[in-house]
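Notes follow once the structure below has been shown.
The values are calculated or read from the model by the stated rules, or taken from the named source; none is laboratory data. Given the structure is predicted, the values throughout are model-derived calculations rather than measurements. Virtual Cβ from ideal backbone geometry, glycine too; neighbours counted across all protein chains shown. Accessible surface areas use protein heavy atoms only, side chains included; no ligands, DNA or RNA. Shrake-Rupley method; radii C 1.70, N 1.55, O 1.52, S 1.80 Å.
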Amino acid sequence: MTDKAKGQIQTAYWETERRAVVLLREDWTSRIQLPPLFIGPGHKVFENIEGAPLTEYGRMAHYYIRRDTVTFLLDPEDEPKRELFDQPVYVAGNFNGWEKAIGNHDWILSPEAIHGKTFLTLHIPRLRFRTYEEKKHKKISFKFVTQSGDWLPVSLSSPNLVYDTEGHGNYELRLKQTGKHLFYCYLSADHKHTGKEAVIWDDGRLNESHPLPATFKLLDAKTELRLGVFIESDETVFRIFSPRATRVDVRYYQGFDSPKESKRLKRIENSVWEARVPRDLDGYLYDYRVYGRNVDGTRHFDSSMPILDPYALASVSHRGPGVIRDLAALPWPREEERFQPPDWHDLVIMECHLADLVERSGYRDTDAPAPRYLDFVHYLRDEFCYLRTLGLNAIELQPMQQSDKREPAEYHWGYMTTNFFSPESSYAREPESGSQIEEFREVVKAAHDAGLAVIIDVVYNHVGEPAHLLFLDKYYYFELDQYHNLLNWSGCGNDFRASAPMAKRLIIDSLLHWVRLFDVDGFRFDLAELIGVQVLKDIEVALKAEKPSLILIAEPWSFRGHISDQLRETAYTSWNDGYRNFMRDYVRGNGNQDAIKYFLAGSPGSFASWPAQTVNYTESHDDRTWIDMITERPEHNGHDPLEVDCRRTHLMFATLMMSYGIPMLSQGQDFLRSKHGITNSYQMGDINALDYARLLYYTHTHGYVVGLIGFRQGPWGELLRLSAFPDDGFLQFFTADGYSSLLTLYNADKSKGSRQILFGLNPHHDTVRIEAEGIALSTFQQIADTERIAPEGLGSALIPITSNAVTLPPLSCGIWVRGESF
């Protein structure tokens with residue numbers, strides 16, 4: 001029997017404006033009568049009520065029961081990490097020893113077509129679980145695991161989600177809930193929504209009303225009021241947006257040992273709550289408690305949860321509390337003092353992580369639990385520091401916003417953001433006072449003084465834990481599926497609803513904050529496909545109005561798709577994963593002529609509409625390092641690279657610097673940084689920290705990269721650093737049959753004066769002769785090969801060249817110039 005205290009309705013929500021989904025607490029077994037469901041206010045009759053297909057409940061709960069068979073079900077299209085389905089997937093639970101199910105064919109899911117759609121299913125007799133339940137007196141829990149031991153994440157809004165004593169989420173198999181308790185209820189076409197609709201159960205004995213959230217109207221909620229905490233004439237104003245809260249309290253206190261004061265906020269607009277305290281609370285700590293009715297799966301209120309203000313300017317940790325800072329008391333950079341980054345086509349970027357650079361640099365404060373902002377400042381002020389000796393003009397710092405790092409000593413890449421305004425607290429000397437604000441400003445200033453533009457990696461596609469915004473309004477801030485499960489195309493547990501008006505404003509307000517207060521020079525948007533093209537365009541308009549020279553970089557994909565083609569008409573440049581993947585194959589002789597021409601020419605057409613719209617790279621923080629990826633050592637361990645690995649690396653660097661677009665290096669890539677073949681090192685500080693001893697050991701590669709950067713940044717590089725694609729005759733390619741080797745002549749039509757560059761490239765183990773009739777090749781002077789670069793010209797061991805042909809040795813490249821001298 002159903003617990004009447006809990007009622008008959010488990011959840012209800014609008015799937016469309018005309019169809020409500022109602023999940024009862026127990027199966028409806030009558031074959032004659034429909035459940036006594038009505039639409040309120042009042043007792044209006046639904047136009048139609050029908051039982052949902054069992055597979056629909058299976059998609060919600062990951063099982064359904066038909067007659068005496070339990071069917072476990074997965075829809076691969078609902079899962080963010082689809083690549084996991086390239087291997088066997090098993091049902092694992094307390095009934096089969098959890099991980100012991102791996103490899104046991106009794107528990108493997110198999111493809112099955114149901115109603116024209118393919119699912120992964122497993123059919124098990126119901127009696128097997130009833131016997132387990134009766135013998136063990138335990139509730140039945142399960143989830144899914146792959147052959148390689150990867151546990152598929154649970155859907156946080158599944159109706160059968162439960163947590164074990166260690167906080168792990170699992171699904172519960174409820175033998176009395178088979179799927180026959182899920183119904184579709186249809187409204188008549190003339191029904192006009194009031195926003196106060198409810199599903200009513202009335203069987204003559206029990207009358208129960210369950211609100212239907214008008215979520216299709218919720219996303220209209222917005223405000224132009226200033227949000228956050230700010231001080232006006234010795235009065236501190238607290239203001240927060242939470243459209244469906246029923247009550248909001250703020251606690252504020254001078255320190256963790258000080259008494260906590262509390263004040264209830266008043267609703268001043270439909271969605272905005274405000275409290276005013278007639279004192280200057282600069283330096284105080286604060287957090288919110290938000291109350292609301294969790295009457296459906298679109299809400300996640302918890303009044304016991306201390307919520308970090310999304311507009312907090314500084315945070316003590318990932319959980320908060322926020323730190324009140326009076327920004328009016330801080331010195332602000334004047335317009336004429338703002339650093340102006342190089343033109344995009346002049347950029348040479350290095351992606352790097354603050355802790356990785358500092359840890360073994362000699363500037364690390366060993367008394368601190370982790371590297372700090374000020375360590376990095378001292379590092380940058382050393383004119384001989386690694387970043388300054390490379391010839392770079394921009395650094396792309398992995399996320400600097402507050403992450404869900406649990407302890408200061410914990411290593412973290414930073415891609416799990418819990419606050420968009422606060423710099424990461426763990427790098428600060430006194431995060432409880434908000435010192436990270438002043439300290440990160442020092443970081444940016446030190447970089448600017450060193451001639452380095454500062455781009456920061458920002459994550460607006462998902463949030464870290466705790467997901468503070470979840471407790472303000474789940475539906476408003478997060479993308480949900482039709483069952484109100486959090487979508488997970490990010491692969492990180494949730495997808496931020498960037499298109500909601502106040503979510504988009506939160507993004508833009510926080511980005512403008514980083515530009516105005518810290519004078520950062522650009523942003524790289526993580527998994528930008530999930531943010532959406534229109535939101536990205538709105539961000540572009542707002543940021544360019546503030547600082548026209550800002551650098552905007554998109555990672556144009558997610559697990560869901562790729563948007564590089566849609567970004568061609570915007571002012572974003574994009575990480576070019578096609579370039580990355582191709583170069584790994586090309587240097588090993590597996591490329592083709594058309595592709596190398598395309599990437600040298602700046603990926604024109606489907607990817608880029610101007611040269612600097614492609615960020616060309618071959619290594620980033622994700623995945624293996626370059627040397628680990630291409631090494632011929634076993635297990636992708638390039639820590640001790642072979643000579644052939646080094647030569648191929650030099651071919652890559654030469655190609656990278658000779659390609660149109662923005663070249664980007666990864667930290668340590670120039671001295672063959674290895675992660676010993678490890679694919680994902682996001683929490684491995686010892687693996688990621690730069691080993692500067694390799695810089696001294698692989699000086700030949702480091703020096704080669706420095707020379708190539710200098711050549712690209714010098715006068716000859718003007719033929720490589722183009723602001724617009726040239727006419728078709730500007731580049732001329734020469735090839736040899738049967739090989740992907742080529743010669744590339746820059747400024748072949750002499751539209752940019754008499755200077756010309758010739759670049760030869762041979763990734764094969766054969767010597768390749770390439771003819772170039774009519775070019776008078778013998779008039780060129782060689783300035784570089786696979787090991788050396790000398791702008792004044794190489795004096796010996798030259799690549800054979802005649803008036804009409806170049807003979808490229810195996811695994812070699814060369815650069816020649818002719819024309820005006822500099």
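Points to keep in mind about this one:
- Complete set of residues in region 609-638 that are of a type in the set (Val, Ile, Thr) and outside any helix (DSSP H, G or I): THR614, VAL615, THR618, THR625, THR631
- For region 279-316, residues that are surrounded by fewer than 20 Cβ atoms within 10 Å (Cβ to Cβ), polar (S, T, N, Q) and in contact with a strand residue (DSSP E or B) (Cβ under 8 Å, 6 or more places away or on another chain) total 2.
- Any hit, region 282-289, residues being within 30 Å of LYS196 (Cβ to Cβ) and either in contact with a Cys (Cβ under 6 Å, 6 or more places away or on another chain) or of a type in the set (S, T, N, Q) (or both): no
- Annotation for region 644-651: no member residue is closer than 23 Å to SER812 by Cβ, surrounded by 24 or more Cβ atoms within 10 Å (Cβ to Cβ), free of Cβ contacts under 8 Å to residues at least 40 places away in the same chain and in contact with a Lys or Arg (Cβ under 9 Å, 6 or more places away or on another chain).
- Within region 34-47, being at negative phi, open to solvent by less than 70 Å² (accessible area, probe 1.4 Å) and not aromatic (Phe, Trp, Tyr) holds for PRO35, PRO36, LEU37, ILE39, GLY40.
- Test: ARG128 is open to solvent by 60 Å² or more (accessible area, probe 1.4 Å) and without any contact (Cβ under 8 Å) to a residue 60 or more places away in the chain: yes
- Among (1) in contact with an Asp or Glu (Cβ under 9 Å, 6 or more places away or on another chain); (2) farther than 17 Å from ASP449 by Cβ; (3) open to solvent by less than 20 Å² (accessible area, probe 1.4 Å) - the single one GLU359 does not satisfy: (3)
- Scanning region 575-629 for residues that are open to solvent by 10 Å² or more (accessible area, probe 1.4 Å), out of contact with any strand residue (DSSP E or B) (no Cβ under 7 Å at 6 or more places or on another chain) and of a type in the set (A, V, I, L, M) yields ALA595, MET629.
- Test for GLU337: is it open to solvent by 10 Å² or more (accessible area, probe 1.4 Å), closer than 21 Å to GLU424 by Cβ and either at pLDDT below 95 or among the acidic types (Asp, Glu) (or both): no
- Total residues in region 494-549 satisfying the condition of being touching a residue at least 60 places away in the same chain (Cβ under 8 Å), touching a Ser or Thr at 6+ places or on another chain (Cβ under 9 Å), farther than 17 Å from PRO310 by Cβ and of a type in the set (A, V, I, L, M, F, W, C): the figure is 3.
- For region 409-445, a residue qualifies if it is aliphatic (A, V, I, L, M) and under 20 Å from the mean Cα position of the chain (by Cα), and exactly one does: MET416.
- Among (1) outside any helix (DSSP H, G or I); (2) surrounded by 20 or more Cβ atoms within 10 Å (Cβ to Cβ), the one test that ASP670 misses: (1)
- Residue match in region 743-766 (condition: open to solvent by less than 30 Å² (accessible area, probe 1.4 Å), touching a Ser or Thr at 6+ places or on another chain (Cβ under 9 Å) and small (Gly, Ala, Ser)): yes
- Flag if GLY195 is surrounded by 16 or more Cβ atoms within 10 Å (Cβ to Cβ) and of a type outside the set (A, V, I, L, M): no
- Looking across region 716-731, just one residue is under 26 Å from GLU792 (Cβ atoms) and open to solvent by 60 Å² or more (accessible area, probe 1.4 Å), and that is GLU718.
- Qualifying residue in region 679-690 (condition: of a type outside the set (Ser, Thr, Tyr), within 28 Å of GLY602 (Cβ to Cβ), within 26 Å of the chain's Cα centre (by Cα) and assigned to a helix (DSSP H, G or I)): no
- Of all residues in region 318-334 being within 21 Å of ARG239 (Cα to Cα) and part of a loop (DSSP other than H, G, I, E, B), the one that is most open to solvent (accessible area, probe 1.4 Å): ARG319
- Some residue of region 110-117 being open to solvent by less than 30 Å² (accessible area, probe 1.4 Å) and in contact with a Leu (Cβ under 8 Å, 6 or more places away or on another chain): no
- Filtered residue count, region 551-567, keeping only those that are at pLDDT 95 or above and either surrounded by fewer than 19 Cβ atoms within 10 Å (Cβ to Cβ) or not in a loop (DSSP other than H, G, I, E, B) (or both): 5
- Strands (runs of 3 or more DSSP E) enclosed by region 707-822 - at least 2 residues per element that are out of contact with any Lys or Arg (no Cβ under 9 Å at 6 or more places or on another chain), within 29 Å of ALA608 (Cα to Cα) and without any contact (Cβ under 8 Å) to a residue 24 or more places away in the chain: none
- The set of residues in region 402-422 that are touching a helix residue (DSSP H, G or I) at 6+ places or on another chain (Cβ under 6 Å) and under 12 Å from ARG372 (Cα atoms) contains only PRO408.
- Single match in VAL237, VAL199, VAL248 (criterion: touching a Leu at 6+ places or on another chain (Cβ under 8 Å), free of Cβ contacts under 8 Å to residues at least 60 places away in the same chain and not small (Gly, Ala, Ser)): VAL248
- Meets criteria (outside any loop (DSSP other than H, G, I, E, B), under 15 Å from VAL520 (Cβ atoms), in contact (Cβ under 8 Å) with a residue 24 or more places away in the chain and not β-branched (Val, Ile, Thr)) for SER426: no
- Residues of region 639-661 that turn out to be outside any helix (DSSP H, G or I), out of contact with any helix residue (DSSP H, G or I) (no Cβ under 6 Å at 6 or more places or on another chain) and not aliphatic (A, V, I, L, M), as a count: 2
- In summary, strands (runs of 3 or more DSSP E) completely within region 156-255 and bearing 3 or more residues that are under 33 Å from the mean Cα position of the chain (by Cα), at pLDDT below 90 and not acidic (Asp, Glu) occur at 161-163.
- Taken as a whole, region 500-522 holds at least one residue that is more than 30 Å from ARG338 (Cβ to Cβ) and assigned to a loop (DSSP other than H, G, I, E, B).
- Search result, residues across region 782-805 that are open to solvent by less than 20 Å² (accessible area, probe 1.4 Å) and either more than 25 Å from PRO715 (Cα to Cα) or of a type in the set (Ser, Thr, Tyr) (or both): THR786, ALA805
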